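Below is one structure; the comments refer to it alone.
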Amino acid sequence: MAHKGRPPLVTVQSHILERQRAHPLATGDFSWLLSGITLATKVIESQVRRAGIVDVYGETGDVNVQGELVQKLDVIANETILRSLGYRGNVGIMASEEDDEPHIIKEAEDGAKYIVLFDPLDGSSNIDVNISVGTIFSILRRKPGIDRNAVNDHILQPGVEQVAAGYVIYSSSTVFAYTTGDGVHMFTLDPLIGAYVLTREDVRMPEKGKTYSVNEAYCRSFPEGTRRYLDWAKTADYKLRYVGSLVADFHRTLLRGGVFLYPPTDDAPEGKLRLLYEANPLSFLAEQAGGAASDGQRRILEKVPKSLHQRTPLIVGSKSEVDRVLSFTS
Ligand code: AHG
Ligand code: MN
Ligand code: MN
């Protein structure tokens, strides 16, 4: 209830508990888990904010399972999340873009039911030039009746099984966005008090948006239908916006409308983006805000994963804009 017109001061944890009151079966378990994520992202934010002062620029010299050069901040972000969530007790399995294999959390309680899949630092090639980067997470529940060590059976669930998803964008301000299937809500980190404060509730993606977001440098190797869509968009006075950080391009699309595409290319015939910890969480958020997400043939959230680091083409944004792309490509 607002006091004398001033909006209430709502943090992520109080928001979760308030919204979960409507779900009698929900327990504080989940908000405890989410507080591990918000803690980790505050630590990551402090490193991003001081890049250059603290030694986080540049590469480690390693190549990760994705075949990509690992940035120092990739490692810092990855370690931070593993350390923050690994001791919450209710997380049984964690899997990161940066690690070949999932982590079974030994310290977890026997009934640890949550699985956290994450991209610790998205857009990491942009760190050294001060362009927005992000963290993306997806939360599943362990499947009942399945051996706790049958990790892949627990992890390789379609996106519709997610119990929550979200991201943090480290930009002009640091914004934490999440959904538990009850709308999309956003919080801005107030550096003066070190807390995320509710700034947007029940976010809706605009029905339309004359902005398309794609790396057109690869257009010669895009599928023919995608190329025809891009030609059409230019004749229909669409704008092109492309940051090269998925979280930044998605956040703009979520708030302003439009469509983001990462189609198949010659170098990445299955697309570049990863299904489990990039496409699935952002598709859950997009649909919760009234948008849509497809791989060009089917709904992203219905894809049954075959492997942890599986890639997928991604078309995500305003429903009418995604449908328009599909009218050319499928
Ligand atoms: P990550 O830094 O986690 O590997 O993700 C990078 C991704 C994504 O952030 C962005 O949309 C895409 O790479 C950009 O790829 P291109 O440089 O090929 O456009
Ligand atoms: Mn990424
Ligand atoms: Mn990454």
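The values are calculated or read from the model by the stated rules, or taken from the named source; none is laboratory data. Values in this document were obtained by computation on a predicted structure and should not be read as measured data. No Cβ is skipped: glycine too gets one built from the backbone with ideal geometry, and neighbour counts run over all protein chains shown. What goes into the accessible areas is simple: the full protein's heavy atoms, side chains included, and nothing from ligands, DNA or RNA. Shrake-Rupley method; radii C 1.70, N 1.55, O 1.52, S 1.80 Å.
Remind me, relative contact order of the range 168-282 in percent, using alpha carbon pairs under 8 angstrom and six or more residues apart? Provide the component values of the computation, followed by the final result.
Numbers: 152 pairs, mean separation 26.9, N = 115.
Computed value for the range 168-282: 23 percent relative contact order.
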Please quote Rg/Rh for the range 12-200 to two decimal places, taking the Kirkwood radius as Rh and restricting both calculations to Cα atoms.
0.96
Amide H to amide H under 5 Å from V184: which residues, 5+ apart in sequence or cross-chain, H placed 1.01 Å off N in plane?
D202, V203
For q values of 0.16, 0.18 Å⁻¹, compute log₁₀ I(q)/I(0) with the Debye formula on a Cα-only model of the range 1-118, without solvent.
-0.88, -1.00
Going by Cα centres, the range 157-208 and the range 217-233 are how many Å apart?
31 Å
From zero up to wherever the largest Cα-Cα distance of the chain sits, split into 20 Å bins and tell me the percent of pairs in each.
32, 59, 8
Tell me, what is the percent relative contact order of the chain, built from C-alpha pairs under 8 Å that lie six or more residues apart?
15 percent
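With every protein chain kept in place and ligands, DNA and RNA left out, what is the accessible area per residue of the chain? Probe 1.4 Å, answer in Å².
44 Å²
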On full extension of the chain, what length is gained from T188 through D55, given 0.36 nm per residue of separation minus the C-alpha to C-alpha distance?
45.3 nm
Magnitude of the charge dipole, the range 211-329, Cβ model with Lys/Arg +1 and Asp/Glu -1, debye to 20:
100 debye
If you average 1/r over every pair of different alpha-carbon atoms in the range 156-243 and take one over that average, what Kirkwood value in Å do you get?
16.3 Å
Under unit Cβ charges (Lys, Arg +1; Asp, Glu -1), what dipole magnitude, rounded to 20 debye, does the chain have relative to its Cα centre?
1180 debye
How many Å³ per residue does the convex hull of the Cα positions in the range 211-329 occupy?
93 Å³
Per-residue counts of other Cβ atoms within 10 Å, averaged by peptide: what ranking do you get for 118-126, 240-248, highest first?
118-126, 240-248
Which of the DSSP-defined H helices in the chain satisfy a minimum axial length of 24 Å, computed from C-alpha atoms, and a minimum mean Kyte-Doolittle hydropathy of -1.0?
28-49
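Would you work out the charge dipole size for the range 19-106 about its Cα centre, treating the Cβ of every Lys and Arg as +1 and the Cβ of every Asp and Glu as -1, and quote it to the nearest 20 debye? Please report the intermediate quantities before stating the final value.
Working: 9 positive and 13 negative charges, 160 e Å.
For this selection, approximately 780 debye.
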